[in-house]
1. Please name all residue pairs, on different chains or six or more residues apart, with Cβ atoms under 8 Å, provided the first residue is in the stretch 74-87 and is under 15 Å from residue 54 (Cβ atoms) and the second residue is in a loop (DSSP other than H, G, I, E, B) and open to solvent by 40 Å² or more (accessible area, probe 1.4 Å).
2. When you look at residue 9, is it at pLDDT 85 or above and either outside any helix (DSSP H, G or I) or open to solvent by 60 Å² or more (accessible area, probe 1.4 Å) (or both), yes or no?
3. Find the residue count for the stretch 25-35, including only residues that are in a loop (DSSP other than H, G, I, E, B) and open to solvent by less than 70 Å² (accessible area, probe 1.4 Å).
4. Please specify each residue of the stretch 36-91 satisfying the condition of being under 23 Å from residue 25 (Cβ atoms), of a type in the set (Gly, Ala, Ser) and surrounded by 15 or more Cβ atoms within 10 Å (Cβ to Cβ).
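The values are calculated or read from the model by the stated rules, or taken from the named source; none is laboratory data. Being a predicted model, the structure only gives us computed values, none of them experimental. Cβ placement follows ideal geometry from the backbone for every residue including glycine, while neighbour counts extend to all protein chains displayed. Calculation scope for accessible area: heavy atoms of the full protein, side chains included, ligands and nucleic acids excluded. Shrake-Rupley method; radii C 1.70, N 1.55, O 1.52, S 1.80 Å.
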Amino acid sequence: MERLMDIREALNIVQQNDDNHEERDTYVKKLPKLHEVDIEDKDDSCPICQETFLSVLALEEMATAMDTPSLPEEQLGVTKLECGHRFCRKE
């Protein structure tokens, strides 16, 4: 029964987070955009999409060179949370 309450509490948190998508989007936009020199092992992968950080950086470089990139600028590149975990910005 206690585990069921934990699951319900987690679902409520997720639902509240969905309701506050503007707050979440603002937080994500404030995350740092990492440069190639900021990433020690460029062969590491994004834990969400499994793309290597090197390929994510290459996509960002190619997109910024184009007049009409396929993704918005805020979804390009690699970012890092305060805890040190790194992700591609599109995820």
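1. 76/69; 76/90; 86/44; 87/47; 87/48; 87/81
2. So residue 9 does not fit the description; no.
3. Going through the stretch 25-35 one residue at a time, the tally reaches 2.
4. If the condition is that a residue be under 23 Å from residue 25 (Cβ atoms), of a type in the set (Gly, Ala, Ser) and surrounded by 15 or more Cβ atoms within 10 Å (Cβ to Cβ), then 63, 77 are the ones that fit.
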